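**Student:** Just dropping this structure here.
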Amino acid sequence: MAVDETRKSVAVYAGHLISPIDSKSYLDLRRGAIAVDASGTIQEVGPVDDLRAAWEGAHFYDFGDRLIMPGMIDLHIHLPQFTQIGKSGQTLLSWLEKYIFPAESKFSDTSHARKIARWFFTELARNGTTLANVFTTIHAGSTDEAFQVAAEMGSRAIMGKVLMDRHSPDYLTEDVDTSLRQSVELCQKWHGYDNGRLLYAFVPRFAITCSSAQMQGVSKLWHEHKGTYMHTHLAESMEEVEFVHELFPDARSYTDVYKRHGLLGDRSVYAHAIHLDGRDLSELSSTRSSIAHCPSSNFFLKSGRFHYVPVTDAGIRFGLGSDVAGGPYMSLFQVMRDANYMQADCWVDPPELFYRATLGGAEAVGLSDKLGNLVKGKEADFIVVNTSRKTEIAADMLKQPTEEILSTLVFTGDDRLVEATFVRGRCIFELEPNLVSKTEQRFSGAPR
Ligand code: GUN
Ligand code: ZN
């Protein structure tokens with residue numbers, strides 16, 4: 001049969017497909033496949049035999065019984081803090097002063113920024129993270145380098161320059177006009193790059209380091225630049241909350257500080273959001289603001305316990321964040337595990353957790369029409385997971401029901417399981433050279 005030319009540019013990836021449909025139900029296709037076209041869009045998802053027949057002439061990669069799952073979404077992470085992973089012994093405000101601000105000051109040097117950005121985006125891909133919502137530093141040049149590196153490496157990110165104009169070390173304090181002007185310049189250069197692979201977020205660090213004028217300025221810019229994000233920290237530690245009350249005595253609560261400055265709304269992402277009351281939850285919900293839940297960081301910095309059930313019940317969209325270096329690892333497998341361990345009196349089950357690390361994260365940033373699970377028409381962001389990479393995982397695990405497989409992944413998974421990571425159909429990480437190309441077969445299915 002003559003092969004349609006366009007099919008030659010399609011790639012069919014076969015394996016054991018597991019992908020959330022919602023927070024409870026999953027597609028689990030033991031011999032499944034996805035067909036991905038040259039633009040990186042998923043054209044079909046189904047049983048491997050059906051796709052072999054439908055996509056004759058396409059490239060065919062057979063991952064055997066390895067898992068093919070949607071890539072994970074890290075809703076809150078700090079690029080410049082990657083060098084500070086594992087520095088402990090402090091709570092939030094003293095930890096910032098002792099480790100984090102000095103590390104961020106090094107980003108006045110753009111060559112340092114380039115070096116760390118390459119390392120950072122390499123590690124994200126190696127950990128199976130296909131979208132990260134990233135804080136950089138106040139430095140515009142270094143933020144530009146970080147975007148440049150992500151652009152070159154095929155990474156997907158929402159990212160932005162941090163804004164800080166008070167209660168910060170001199171070397172990280174800027175004037176409001178400069179911080180706003182540089183943010184707009186970066187936004188104009190990078191927001192929407194490569195058909196939306198890179199997106200811009202305005203990033204006021206938190207209410208302690210941002211004056212009213214700066215937050216109002218951010219609100220104006222965020223609303224003027226459609227499709228951009230606003231990303232900040234909210235109510236992470238009690239010491240921080242008390243300081244915010246002193247700085248803004250007229251505000252009812254920390255959430256109210258952001259509300260008064262026009263920072264709640266769709267496409268706002270609040271990291272941590274631990275110390276909130278019922279009214280705060282209603283405000284976040286009614287304004288369609290989102291939360292990045294960062295359990296590993298909350299544990300590491302002893303910040304407190306996230307109100308998992310009340311936040312869910314309030315209907316607030318939320319996903320998971322590693323918060324590196326507040327969290328000591330990038331792997332969202334480990335973050336999912338901590339999200340379970342951190343709840344003392346409720347059981348957060350693995351299907352729910354895997355949903356939060358994928359589709360739930362995509363919903364939180366308004367991108368679930370494009371990302372979050374393996375569905376026809378979405379962009380092909382996926383990972384190949386080989387459970388035999390960890391010898392303590394029983395060989396028959398993959399034959400078990402979906403929830404048992406997800407449970408094993410959540411409670412034993414880490415970066416070692418990830419063999420390959422794809423963003424928009426392009427392989428941006430493979431554990432060994434040619435790991436993906438070695439799985440390519442002739443259309444007949446015979447090994448090459
Ligand atoms: N609050 C303000 N800045 C930071 C930061 O860098 N990390 C964390 N975890 N919380 C913050
Ligand atoms: Zn953070």
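**Student:** Within segment 296-332, count every residue that is assigned to a helix (DSSP H, G or I) and either closer than 19 Å to Val365 by Cα or of a type in the set (Asp, Glu) (or both).
**Tutor:** 5
**Student:** Take the residues of segment 239-275 that are part of a loop (DSSP other than H, G, I, E, B) and closer than 16 Å to Ser211 by Cβ: which is nearest to the chain's Cα centre (by Cα)?
**Tutor:** Leu263
**Student:** Here's a follow-up. Return the only residue of Leu75, Leu124, Leu131, Leu96 being without any contact (Cβ under 8 Å) to a residue 24 or more places away in the chain and either in contact with a strand residue (DSSP E or B) (Cβ under 6 Å, 6 or more places away or on another chain) or closer than 25 Å to Ser183 by Cα (or both).
**Tutor:** Sole residue among the options that is without any contact (Cβ under 8 Å) to a residue 24 or more places away in the chain and either in contact with a strand residue (DSSP E or B) (Cβ under 6 Å, 6 or more places away or on another chain) or closer than 25 Å to Ser183 by Cα (or both): Leu96.
**Student:** Tally up the residues in segment 17-44 that are more than 29 Å from Val348 (Cα to Cα) and not charged (D, E, K, R), please.
**Tutor:** Adding up the residues that qualify gives 10.
**Student:** What pairs come out if I take residues in segment 267-296 that are open to solvent by 40 Å² or more (accessible area, probe 1.4 Å) and pair them with residues that are in a helix (DSSP H, G or I) and within 16 Å of ligand 2 (Cβ to nearest atom) whose C-beta lies under 6 Å away, six or more apart or interchain?
**Tutor:** His275/Val241
**Student:** Out of the residues in segment 318-371 that are touching a Leu at 6+ places or on another chain (Cβ under 9 Å) and open to solvent by 30 Å² or more (accessible area, probe 1.4 Å), state the one that is nearest to Ser268 (Cα to Cα).
**Tutor:** Among them, the one singled out is Ser368.
**Student:** Scan segment 202-238 residue by residue and report those that are within 14 Å of His167 (Cα to Cα), within 12 Å of ligand 2 (Cβ to nearest atom) and either assigned to a helix (DSSP H, G or I) or among the charged types (D, E, K, R) (or both).
**Tutor:** Arg205
**Student:** Here's a follow-up. Residue under question is Ala207, and the condition is that it be buried (at least 21 other Cβ atoms within 10 Å of the Cβ) and hydrophobic (A, V, I, L, M, F, W, C); does it hold?
**Tutor:** yes
**Student:** Name, by its number, the condition in (1) more than 19 Å from the chain's Cα centre (by Cα); (2) assigned to a helix (DSSP H, G or I); (3) in contact (Cβ under 8 Å) with a residue 40 or more places away in the chain that does not hold for Pro351.
**Tutor:** For Pro351, the exception is condition (1).
**Student:** Consider Arg260 carefully, then state whether it is more than 16 Å from ligand 1 (Cβ to nearest atom) and basic (Lys, Arg).
**Tutor:** yes
**Student:** From Ser111, Ser94, grab the single residue that is in a helix (DSSP H, G or I), within 13 Å of ligand 1 (Cβ to nearest atom), modelled with pLDDT of 95 or more and over 16 Å from Arg426 (Cα atoms).
**Tutor:** So the residue among Ser111, Ser94 that is in a helix (DSSP H, G or I), within 13 Å of ligand 1 (Cβ to nearest atom), modelled with pLDDT of 95 or more and over 16 Å from Arg426 (Cα atoms) is Ser94.
The values are calculated or read from the model by the stated rules, or taken from the named source; none is laboratory data. Since this is a predicted model, take the numbers as computed values, not measurements. Virtual Cβ from ideal backbone geometry, glycine too; neighbours counted across all protein chains shown. The accessibility values were calculated without ligands, DNA or RNA, using every heavy atom of the protein model including side chains. Shrake-Rupley method; radii C 1.70, N 1.55, O 1.52, S 1.80 Å.
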